[in-house]
Amino acid sequence: MRVLIVGSGGREHAIAWAISREPDATKIYAAPGNPGIGQIATCVPIDATSVQELASFASSEKIDLTIVGPEAPLGAGIVDEFQKKKLKIFGPDKRAARIETSKSFAKDLCSRYNIPSPHWETFTDASLAKKALDHQGPPWVIKADGLAAGKGTTVTNDRREAETAIQRELKREPGRIVMDEFIDGWEASLTATVSGGRAQWLTPVFQDYKPIYDGDTGPNTGGMGVYSPVPAVTPSLVEKVKRRILDPSISALVKEKVPFRGILYLNIIVKHGTEDPRLLEFNARFGDPEAQGIAPLVSRGLLAHMSAVAEDSIRPPLPECSSSASVVVVLASAGYPASPVTGAKITLGRIAQSNVVLFHAGTTKTPAGELVTAGGRVLDVAATGPDVQSAREDAYAAIGTSIHFQGMQYRRDIGSGEIRRRRLEQIQT
Ligand code: GLY
């Protein structure tokens, strides 16, 4: 099978790496890819949102399956364009991707179909939103309605911070914000694939770390690490999420004539002292860095699964996944997330641990062939093991001995096992 992977981050490197281990994958392209992906695939310099150019490429190169990594091409209608040209592609079309690209679309669906989610209101007018701060009372949760690269949410007790967030988020497309009820609880990320109007869990449950510093302090980022399994997640909780959130959402989309096909990622929150999950948000693609934690757990069958989902099969065969623990530590540039320093030389030694994989996120090569930083999140160190403790020890050992760039910052507490509360402070950059 000839495969094209769209995107250039750590998630796309992880997908490419997992696909490269599949015997059925005869040729892998990535657009635009990155230097890490370039070690296992042919990178083509087409932007991830140039949907027509990508469709022409897929057609001329006789690509059997295109896999879309990030949300931006989904929002730009890549799936619609490929389907128009009868090219097989993994991901939801533009209307279904609104489940991620429009928070108000997702919240409205939850309200109309009784899917448990925090109470919410939308605003396009700053003065009305500020008045609502009075009747809602702190803590306030203010979210951009559209895509914000994981950085459009502010949770705060400080009235001035809340007002600043309202002004800032209203400036983003589409000029609308969502204000959510605050739930004091812990979060988890669940990943399902959806096809033929049915959803199946694809992977174990992860917990991700958004704030930049240890102890969940400092500004929010796209994600500084993940681990799985999460001790607080019980089989009965996962079953409740399926029965109360996942299945009703899929049926609601079918009823609304917006059938969804592809990855559905659920960010849920469980109020402390309860086992009642509520939906915080959906994503229409793999989480990043969850995908980097998932890829090393998949032993085989991912390509066949994705291909069957792209055909809207009612029962796509699930890939084989090991039940090992998985930990991903993200290595970020100096200045991230406010103003990442790029162009720092990256030194990579041999990684001695056979259970550790290094994924490239924001790297590039200079004309002289030197590997340098090219973004906020630079590299992802993914380790598996019999339990989270041993996986995290190996991930951190690999970082300490094999990887360096000037200003490299990373959290030392990924998977450290503490129960993590949702943070109450200003978290926007
Ligand atoms: N890790 C969360 C996300 O990908 O949005």
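The values are calculated or read from the model by the stated rules, or taken from the named source; none is laboratory data. Computed from a predicted model, the values in this text were never measured in an experiment. Cβ coordinates were reconstructed from backbone atoms using ideal geometry, including for glycine residues, and neighbour counts include every protein chain displayed.
Observations on the model:
- Odd one out for TYR227 among (1) in contact with a helix residue (DSSP H, G or I) (Cβ under 6 Å, 6 or more places away or on another chain); (2) away from the ligand (no atom under 16 Å from the Cβ); (3) of a type outside the set (D, E, K, R): (2)
- All conditions but one from (1) in a loop (DSSP other than H, G, I, E, B); (2) touching a strand residue (DSSP E or B) at 6+ places or on another chain (Cβ under 7 Å) apply to PRO23; the one that does not is (2).
- The residue list GLY75, GLY69, GLY10 contains one member that is among the small types (Gly, Ala, Ser), farther than 14 Å from MET306 by Cα, touching a residue at least 60 places away in the same chain (Cβ under 8 Å) and buried (at least 23 other Cβ atoms within 10 Å of the Cβ), which is GLY10.
- Some residue of the range 274-284 being of a type in the set (A, V, I, L, M, F, W, C) and under 23 Å from VAL329 (Cβ atoms): no
- Count - residues of the range 152-171 that are within 16 Å of the ligand (Cβ to nearest atom) and surrounded by fewer than 21 Cβ atoms within 10 Å (Cβ to Cβ): 0
- Residue pairs meeting the criteria (Cβ under 6 Å; at least 6 apart or on separate chains; first closer than 15 Å to ASP380 by Cα, in the range 334-351; second of a type in the set (S, T, N, Q) and modelled with pLDDT under 95): GLY349/SER402; ILE351/SER402
- Hits in the range 215-229 (condition: on the phi < 0 side of the Ramachandran plot and of a type outside the set (Val, Ile, Thr)): PRO219, ASN220, GLY222, MET224, TYR227, SER228, PRO229
- Options SER326, SER313: the member that is of a type outside the set (Lys, Arg), in contact with a Ser or Thr (Cβ under 7 Å, 6 or more places away or on another chain) and assigned to a strand (DSSP E or B): SER326
Results for (1) assigned to a strand (DSSP E or B); (2) at pLDDT below 95; (3) within 16 Å of the ligand (Cβ to nearest atom); (4) under 19 Å from LYS143 (Cβ atoms), shown as yes or no for each residue.
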| position | (1), (2), (3), (4) |
| --- | --- |
| ALA188 | yes, no, yes, yes |
| THR191 | yes, no, yes, no |
| THR203 | no, yes, yes, no |
| GLY222 | no, yes, yes, yes |
| VAL238 | no, no, no, no |
| ARG243 | no, no, no, no |
| LEU246 | no, no, no, no |
| ARG285 | no, no, yes, yes |
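- A single entry from GLY385, GLY376, GLY362 fulfils the requirement of being surrounded by 14 or more Cβ atoms within 10 Å (Cβ to Cβ) and touching a Pro at 6+ places or on another chain (Cβ under 6 Å): GLY376.
- Restricting attention to the range 215-238, the residues being farther than 23 Å from ALA148 by Cα and not hydrophobic (A, V, I, L, M, F, W, C) number 8.
One line per residue, one yes/no per condition, for (1) more than 21 Å from the chain's Cα centre (by Cα); (2) of a type in the set (A, V, I, L, M); (3) within 16 Å of the ligand (Cβ to nearest atom):
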| site | (1), (2), (3) |
| --- | --- |
| LEU279 | no, yes, yes |
| PHE282 | no, no, yes |
| SER324 | no, no, no |
| PRO337 | no, no, yes |
| THR347 | yes, no, no |
| ILE351 | yes, yes, no |
| LEU358 | no, yes, no |
| PRO367 | yes, no, no |
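- In summary, ALA149 fulfils each of the numbered conditions (1) part of a loop (DSSP other than H, G, I, E, B); (2) in contact (Cβ under 8 Å) with a residue 60 or more places away in the chain; (3) surrounded by 15 or more Cβ atoms within 10 Å (Cβ to Cβ) with the single exception of condition (3).
- The set of residues in the range 396-419 that are exposed (fewer than 14 other Cβ atoms within 10 Å of the Cβ) and either under 22 Å from PHE206 (Cα atoms) or basic (Lys, Arg) (or both) comprises ARG412, GLY417, GLU418, ILE419.
- Filtered residues of the range 243-268 (kept if farther than 28 Å from GLN83 by Cβ and over 19 Å from the mean Cα position of the chain (by Cα)): ARG243, ARG244
- Test for ALA338: is it surrounded by fewer than 21 Cβ atoms within 10 Å (Cβ to Cβ), modelled with pLDDT under 95 and either among the aliphatic types (A, V, I, L, M) or not in a loop (DSSP other than H, G, I, E, B) (or both): yes
- Positions within the range 109-144 being more than 26 Å from ASP276 (Cβ to Cβ) and away from the ligand (no atom under 16 Å from the Cβ), in sequence order: PHE123, THR124, ASP125, ALA126, SER127, LEU128, ALA129, LYS130, LYS131, LEU133, ASP134
- Boolean, ASP64 is acidic (Asp, Glu) and surrounded by fewer than 16 Cβ atoms within 10 Å (Cβ to Cβ): no
- So ALA368, is it aliphatic (A, V, I, L, M), surrounded by fewer than 22 Cβ atoms within 10 Å (Cβ to Cβ), touching a residue at least 60 places away in the same chain (Cβ under 8 Å) and not in a strand (DSSP E or B): no
- Residue that is in a loop (DSSP other than H, G, I, E, B) and either β-branched (Val, Ile, Thr) or under 19 Å from the mean Cα position of the chain (by Cα) (or both), where the choices are LYS62, LYS86, LYS94: LYS94
- Of all residues in the range 287-322 being modelled with pLDDT under 95 and either within 16 Å of the ligand (Cβ to nearest atom) or of a type in the set (Lys, Arg) (or both), the one that is farthest from GLY196 (Cα to Cα): ARG300
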